[in-house]
Amino acid sequence: MSLPDDYQLTGSQRMIRDSVLPLLADVLPREKIRALDEAGEFPFDAYEALARAGWMGLPYDPQYGGAGGSFKDLAVFVETVAYHNAQMASAYLASVVYGGMQISHGASDAVKDEILPGIISGKTRMALCLTEPEAGSDVSAIRTSAVADGDDYVINGQKIYITCAHVAHQLVVATKTDREAGRRGITLFVVDARTPGLTIRPLKALGRRMIHTNEVFFDNVRVPAKRMLGTLHGGWYALMRGLNMERLCLSAAASGNIQKIIDYAKDYADERTQFGKPITEYQAVAHKFADMQVMAETTRVLTYRVADMLDAGLQPTAETAIAKVVATENNCKCADMGIQIMGGAGYMMEHEMQMYFRDARVGPIGGGTSEIMRTIIAKQMGL
């Protein structure tokens, strides 16, 4: 099975689906996904295959080798990748969107020339280092410091829950360059992951074991001032500029994964018989599938709507927050319902549903918790 046709898609967007799904099926088959997930190993082959096919350059300017794709193009691509595997979508987003777009928007021409072609070719992987042990939802409270020293800045501090940092070549790091200024004292730097004094330690998490989250430690890490992204103390605005795009992508990833959960559960249920007939013939099971499809369609419509709004030049802050809440919470609900439909089999490691359940649960936490999203929505309502 595959993602349903959508009359809103252009021919090139349908081509994205038609080309990406067979590619991933070839380089990242289901048995390999399970093996990599159990071993906690990054899907290098699939990542490199996407790069060879040109997909890393989808949202980038053609002058660097990119495709200049629209927000809707990106949403369709991320949804498609996540339909095959949600972790693969996260691996893509860590480099191309979370880290790479900060380079695209904030780096000097020299740094762009150095890094962007590598991202697009797949030779340079990125990670965004933002969250800290005492600063998650409250980004303004970060403590990692960057102190000017001649032509360099010296970074000290700790980051945590950093996706794909262990396989990254370059890190976008949020620092405090003015400890007393709150959000107005944040500055971003791009730091080579091999710099002396920088230590990366993978963490063991409930789900998303192929891509890992990590602790990152900075002990007198020197970075040239020319590798500052944007302006001194301008990091908050740079981070905020990317939030609508990030929420769109997270919504698209959840949309794809919801449909995969439905299809996987249905394949099982069609073959599972109880009391002499397939369990899909029982209303209790059929209604669960109906509820899941309602959530899938609702998520997809909201995701495509905010993509269209962004392509129209709007800044749909409330709408992207709404889409992120609905998408990630629906993803969790559908994964839970998928386990219930499959019964004991859904709970067993021999089936993939338990992985979908584990992988989905981080959705309402990462990229801004559902509680923070609701706060944003309420503020946009004037509350």
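Residue count for segment 172-214 satisfying the condition of being hydroxyl-bearing (Ser, Thr, Tyr), in contact with a helix residue (DSSP H, G or I) (Cβ under 9 Å, 6 or more places away or on another chain) and either assigned to a strand (DSSP E or B) or under 15 Å from Ala127 (Cβ atoms) (or both): 3. Looking at this structure, is Arg305 part of a helix (DSSP H, G or I), free of Cβ contacts under 8 Å to residues at least 40 places away in the same chain and among the basic types (Lys, Arg)? So Arg305 passes the test.
Against the list (1) open to solvent by 50 Å² or more (accessible area, probe 1.4 Å); (2) touching a residue at least 24 places away in the same chain (Cβ under 8 Å); (3) not basic (Lys, Arg), the condition Gly150 fails is (2). Taking each residue of segment 326-346 that is over 17 Å from Pro278 (Cα atoms) and looking for partners that are open to solvent by 10 Å² or more (accessible area, probe 1.4 Å) and not in a helix (DSSP H, G or I) with beta-carbon atoms closer than 7 Å, six or more apart or interchain, yields Thr328/Gly363; Thr328/Pro364; Glu329/Pro364; Asn331/Gly363; Cys332/Arg361; Cys332/Gly363; Cys332/Pro364.
Taken as a whole, the structure places Asp219 among residues that are charged (D, E, K, R) and part of a strand (DSSP E or B).
Every listed requirement among (1) under 23 Å from His351 (Cβ atoms); (2) in a helix (DSSP H, G or I); (3) touching a Ser or Thr at 6+ places or on another chain (Cβ under 8 Å) is met by Val20 save one, (1). Can you find a residue that is aliphatic (A, V, I, L, M) and within 15 Å of the chain's Cα centre (by Cα) anywhere in segment 325-338? Scanning segment 325-338 turns up at least one residue that is aliphatic (A, V, I, L, M) and within 15 Å of the chain's Cα centre (by Cα).
Of the residues making up segment 355-376, those that are charged (D, E, K, R), open to solvent by 10 Å² or more (accessible area, probe 1.4 Å) and in a helix (DSSP H, G or I) are Arg358, Glu371, Arg374. Can you pull out the residues in segment 270-285 that are out of contact with any Phe, Trp or Tyr (no Cβ under 8 Å at 6 or more places or on another chain) and surrounded by 13 or more Cβ atoms within 10 Å (Cβ to Cβ)? The answer is Arg272, Pro278, Ile279, Glu281, Tyr282, Val285.
The values are calculated or read from the model by the stated rules, or taken from the named source; none is laboratory data. Keep in mind it's a predicted model, so treat the numbers as computed, not measured. Cβ sites come from the backbone with ideal geometry, for glycine too, and all protein chains shown count toward neighbours. For the accessible areas, the whole protein counts, side chains as well, though only heavy atoms, and no ligand, DNA or RNA atoms are used. Shrake-Rupley method; radii C 1.70, N 1.55, O 1.52, S 1.80 Å.
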